[in-house]
Amino acid sequence: MDIPRLVVAAPSSGAGKTTIATGLIAALTARGLAVSPHKVGPDYIDPGYHGLAAGRPGRNLDAFMCGPERIAPLLLHGAAGADVAVVEGVMGLFDGASGRGELASTAHVSKLLRAPVVLVVDASSQSRSVAALVHGFASWDPEVRLAGVILNRVASDRHELLLREALEEGSGVPVLGAVRRSAAVATPSRHLGLIPAVERSAEALRAVADMGALVADSVDLDAVLALARTAPPLAGVEPWDPSGEVSRVGGAPRIAVAGGAAFSFSYAENAELLAAAGAEVVPFDPLHADGLPEGTAGLVIGGGFPELYVRELSANGQLRSAIAAFAASGGPVSAECAGLLYLGRELDGLPMCGVLDTAARMTERLTLGYREAVALHDSPLAPAGARLRGHEFHRTVCEPGAGERPAWGWRLPTGPRTEGFAGAAGADNVHASYLHLHWAGYPQLAASFTAAAAAYRAG
């Protein structure tokens, strides 16, 4: 399989790689190219901006959650019909899963994809030192092909000249562009990072257009495309195919999947796997729906920001009652992070669905990191004993944090921990946890949940 591709990396977080990557996607799309956007790691927010820029879903490439062997197949799956793939990295180029070497780092993924790397350098506080920095990154791992530099936050023509002269003299890595400082493309942030594109609507579209215009004016797009075309064919790699990962369940059970501004965190492959397993996937927005979609036989509530919409969610008592009734009737429910908060008794003192006997509140403490988990009890999602890898990312706390039937057990530096709920009110049809899972790494999750929905529908 041959798809031109490149990876946009940086020496560290905060260098502006999301702006540059999104701008590249938008600028290349404006040229009439079909661009496949991807993000290294578990981040949900950046792919939303990528998707706006490309007009097709932004997808994640996470070697920790999905396994290194699935990274190239997932890229090819997402890039079907595309002219070029742009992959935005995570953190610094060589920063991976804590304590696990290069695993899941941008460098690791670039090697799995055999893709050239473009390094975005924040040049705002340096001149000749940029050459030493780039030289170090280019020589650290000979298997990583650092093939170009984009200078970001350049102050002036004189500053750009000094930077280019230093790089020509001391690094051997070509400069593909120099982007001036611009407040116009700044994207507002809050407690968990950038504000998701789904919440900004027209404003987000304007921001993406501005990023595209800035990059088109500042970067040699022809050189970028030429570089992407140097990526060799991924010989022997077949595109990931959800229909080949799961057995199809009969009956076409209808599975409602929460979305909208409050529940915007999802991986496209999760819904694709549900559909491949035989489900009819029906999105709905808990901020506006007055009930579950008619005929719902399974309910999936992913991550997002319910704490920002707690009043609206609480005020929608009709939907909260419908969800509680569905769970009480034995309907299978899978909830992650935001979904966990929504299913509890209350969030920041306001009533939620009351499916789970727990109360949630915002805190100042960020809980963040990859987790290796084992299922402690059977649930519609996974059987007891199943071992999975996921990601935790929140500034809330649930009290209690685990039910009588905890969803997961995992080990942290502070010792073993149980977390989540594998059941509610004595039943085992609800699975709720802070742990975000990428189902492409464990397709049996979709098969199991679809089978549970089919069984519920059959009555």
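The values are calculated or read from the model by the stated rules, or taken from the named source; none is laboratory data. It should be emphasised that the depicted structure is a prediction, and the values quoted were computed from it without experimental measurement. A quick note on method: Cβ atoms are made from the backbone with ideal geometry, for glycine too, and the neighbour counts reach across all protein chains shown. When the accessible area is computed, the model is the full protein with side chains, heavy atoms only, and any ligands, DNA or RNA have been set aside. Shrake-Rupley method; radii C 1.70, N 1.55, O 1.52, S 1.80 Å.
Descriptive notes on the structure:
- Restricting 29, 22 to those that are in contact with a helix residue (DSSP H, G or I) (Cβ under 7 Å, 6 or more places away or on another chain), among the hydroxyl-bearing types (Ser, Thr, Tyr), outside any loop (DSSP other than H, G, I, E, B) and open to solvent by 10 Å² or more (accessible area, probe 1.4 Å) reduces the list to 29.
- Among residues of segment 59-89, those that are open to solvent by less than 20 Å² (accessible area, probe 1.4 Å), under 16 Å from the mean Cα position of the chain (by Cα) and within 23 Å of residue 27 (Cα to Cα), counted: 8
- Residue 130 under 24 Å from residue 23 (Cβ atoms), open to solvent by less than 10 Å² (accessible area, probe 1.4 Å), hydrophobic (A, V, I, L, M, F, W, C) and not in a helix (DSSP H, G or I): no
- Residue, nearest to residue 148 (Cα to Cα), within segment 1-15, restricted to residues that are open to solvent by 10 Å² or more (accessible area, probe 1.4 Å) and under 19 Å from the mean Cα position of the chain (by Cα): 12
- Any hit, segment 27-41, residues being at pLDDT 95 or above, within 15 Å of the chain's Cα centre (by Cα) and over 14 Å from residue 5 (Cα atoms): yes
- Pair list, Cβ < 6 Å and 6+ apart or interchain, from segment 214-229 residues that are closer than 18 Å to residue 182 by Cβ to residues that are surrounded by fewer than 22 Cβ atoms within 10 Å (Cβ to Cβ) and of a type in the set (Ser, Thr, Tyr): 214/182
- Options 53, 27, 15: the member that is in contact with a Ser or Thr (Cβ under 6 Å, 6 or more places away or on another chain) and farther than 25 Å from residue 237 by Cβ: 53
- Among residues of segment 339-369, those that are under 17 Å from residue 408 (Cα atoms), at pLDDT 95 or above and either within 21 Å of the chain's Cα centre (by Cα) or in a strand (DSSP E or B) (or both), counted: 3
- Check on residue 430, open to solvent by 10 Å² or more (accessible area, probe 1.4 Å), in a strand (DSSP E or B) and not small (Gly, Ala, Ser): no
- Among (1) assigned to a strand (DSSP E or B); (2) without any contact (Cβ under 8 Å) to a residue 12 or more places away in the chain - the single one residue 409 does not satisfy: (2)
- Listed by first and then second residue, the pairs linking a residue in segment 332-343 that is under 8 Å from residue 431 (Cβ atoms) and open to solvent by 10 Å² or more (accessible area, probe 1.4 Å) to a residue that is modelled with pLDDT of 95 or more and outside any strand (DSSP E or B), with Cβ atoms under 7 Å apart and 6 or more places separating them unless they lie on different chains, form an empty list.
- Residue count, segment 60-92 (criterion: of a type outside the set (Gly, Ala, Ser) and assigned to a loop (DSSP other than H, G, I, E, B)): 4
- Number of positions in segment 352-376 that are open to solvent by less than 50 Å² (accessible area, probe 1.4 Å) and not aliphatic (A, V, I, L, M): 7
- Filtering 166, 115, 104, 138 for residues that are open to solvent by less than 10 Å² (accessible area, probe 1.4 Å), modelled with pLDDT of 95 or more, part of a helix (DSSP H, G or I) and of a type in the set (A, V, I, L, M, F, W, C) leaves a single hit, 166.
- Of the listed requirements (1) open to solvent by 10 Å² or more (accessible area, probe 1.4 Å); (2) over 18 Å from residue 430 (Cβ atoms), residue 320 misses just one: (2).
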